[in-house]
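Encoded as structure tokens, the structure appears first; notes follow it.
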Amino acid sequence: MAPRTDFWAILTEPLIRQNPVTLQILGICSALAVTTSLPTALTMSVSLTVVLTLSAMLISLIRRHIPDSIRLIVQIVIIASLVVVIDQFLQAYFAEISRALSIYVSLITTNCLVLGRTEAYARHHAPLPAAVDAFGNGLGYSLILIIIGGTRELFGQGSLFGEQVLPLASEGGWFTPLGLMLLAPSAFFLLGGLVWAIRSWRIEQAEAPEHASPAQARAAE
Amino acid sequence: MTGLWALFLGAAFVDNMPLTLFLGLCTFLALSKRPESAMGLGVAMTGVMGVTVPLNWLIYQGLLAPGAWAWIGMPELDLSYLSLIAFIGVIAATVQLLEMVLDRFFPTIHAAFGAFLPLLTVQCAILGGSLFMVDRSYDLAESVVFGLGSGLGFGVAVVMLGAIRTRLSYADLPAGLRGLGIAFILTGLMSLGFASFAQMALSQ
């Protein structure tokens, strides 16, 4: 590690350049399931960021004491305990949102993002950089969730945070809600489009083709 | 009997794990590049879910559910908040056990999909299956059928996606869409197709 760790870089790197959802393919399950509206997307983002940051910090603190052979079980138990705490907290104070999120809060436990970051980063770094890295990844995840959640709620119901933004045709306005936006396929389409947009903007993220076209193959010879 | 059959079909097609419930997408996308690995994943999923969901049902009903300890005089003891940790433990142990059994008795199968068996521990679809089983209060027979059905549904979906992606690897796609981008859009189209199963279930 460099003598002076560049916290700003660790924090901003996962926002777009190393975004956990669109580039590292981590934590997609929950990213799509909870984005029918902004409030659920936001709650999920906050819960995940909290769990991610705390678990990265805890695991980084005890990283020298975990035997390598059982580290996965230790990490999962730590994450699961944190998730139980968050779940109970949501049930106590935000009962309505907790019902809307159904089992997806509990599924943060198996969210590949949390385990992926603790496994790839927190295990080898001091608590502070580990926490910053986890927080940055949490923010990157939240960014995607909020973009998709906002789009789906705006076009699916004509509202943002439950406030009517586009006047509905059924109430004398001009906007007819797109029912498809509230169904599962639209989440896949939106995320696919988002990945396309980001990779066209930052062309270095694009994946190499598996097979060269005949013309390129001839040119190479 | 018809109830169980309907539950099986429902779990496999109407509530398809990756396509309608968004569960287990990480492995779904990562291992669908080739139909062979997709097939291995599907078989492993069916096996693991068929075992863990009923096992977790036994543990939940016997130890954790409210009132499970009534027989030793503690009827108001409610340990259901521990279910998450218990389920994860059971799943991790089952996967480990399955790996050891396969390694010992069926080395060829183990070699075919041994590399990603451990990954199944952190598969949201498997944990999700157990959580849904509690949420919808299935009985033992129903939880076996539900586990097998959702595992099979996952397998069907992943093999189909694997087949499409193999063909697509020869296509000339825009650079930004290659790989992950097109996989998402394909999954969306498949999900649209599976949505029609929901209509079938409604019209029955």
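Neighbour counting of Cβ atoms within 10 Å sorts the residues B:27, A:53, fewest neighbours leading, into A:53, B:27. A simple spin-label model places the labels of residue B:135 and residue B:2 2.8 nm from each other, with each point 7 Å out along Cα-to-Cβ.
Label separation (residue B:103 vs residue A:88): 3.7 nm, computed from points 7 Å beyond Cα along the C-beta direction.
What do you get for trypsin sites (Lys or Arg not before Pro) in the stretch A:1-103 restricted to DSSP loop and a cutoff of at most 11 other Cβ within 10 Å of the site's Cβ?
Loop-located and lightly packed - A:4, A:64.
For the protein assembly as shown, adding -39500 (n - 2.57) for each run of n ≥ 4 DSSP H residues and dividing by the number of residues yields -20500 deg cm²/dmol at 222 nm. Computed from point charges on the beta carbon alone (+1 for Lys and Arg, -1 for Asp and Glu), the dipole magnitude for the protein assembly as shown about its Cα centre is near 800 Debye. The long axis of helix B:140-168 is offset from the longest Cα principal axis of chain B by roughly 10 degrees. Counting beta carbons within 10 Å around each of A:85, B:53, A:132, B:43 and listing the fewest first gives the order A:85, B:43, A:132, B:53. The order of A:7, B:194, going from fewest to most other C-beta atoms within 10 Å of their C-beta, is A:7, B:194. Dipole of the protein assembly as shown computed with +1 at Lys/Arg Cβ and -1 at Asp/Glu Cβ about the Cα centre; of B:182, B:170, A:92, farthest Cα towards the positive end is B:170. Shielding by partners for peptide A:173-184, expressed as the average number of C-beta atoms from other protein chains within 10 Å of each residue's C-beta, is 2. For chain A, would you read off the P(r) tail past 33 Å as a percentage of all alpha carbon pairs? Distances greater than 33 Å cover 27 percent of the Cα pairs.
In debye, nearest 20: dipole of the stretch A:7-219 around its Cα centre with unit charges on the Cβ of K, R (+) and D, E (-)?
In total the dipole reaches around 480 debye.
For the pair the stretch A:85-148 and the stretch B:39-64, the centres of their Cα atoms are 25 angstrom apart.
Computed on the Cα atoms alone, the convex hull of the stretch B:1-202 gives a volume of 138 cubic angstrom per residue. Assign one of three labels to the protein assembly as shown, namely rounded, prolate or oblate, based on the Cα gyration tensor with a ≥ b ≥ c the square roots of its eigenvalues; rounded applies when a/c is under 1.5, prolate when it is not and a/b is larger than b/c, and oblate otherwise. It is rounded, given that a/c, with a ≥ b ≥ c, falls under 1.5.
For the pair residue A:204 and residue A:46, the difference between a 0.36 nm per residue extended length and the Cα-Cα distance amounts to 53.9 nm. Across chain A, the mean sequence separation of Cα contacts (distance under 8 Å, 6 or more residues apart), normalised by length, yields a relative contact order of 30 percent.
Taken together, the values in this text are just the output of simple stated rules run on the coordinates, not laboratory data. Since we're looking at a predicted model, the values are computed, not measured. All Cβ positions, even for glycine, are placed from backbone atoms using ideal geometry, and neighbour counts span all protein chains on display.
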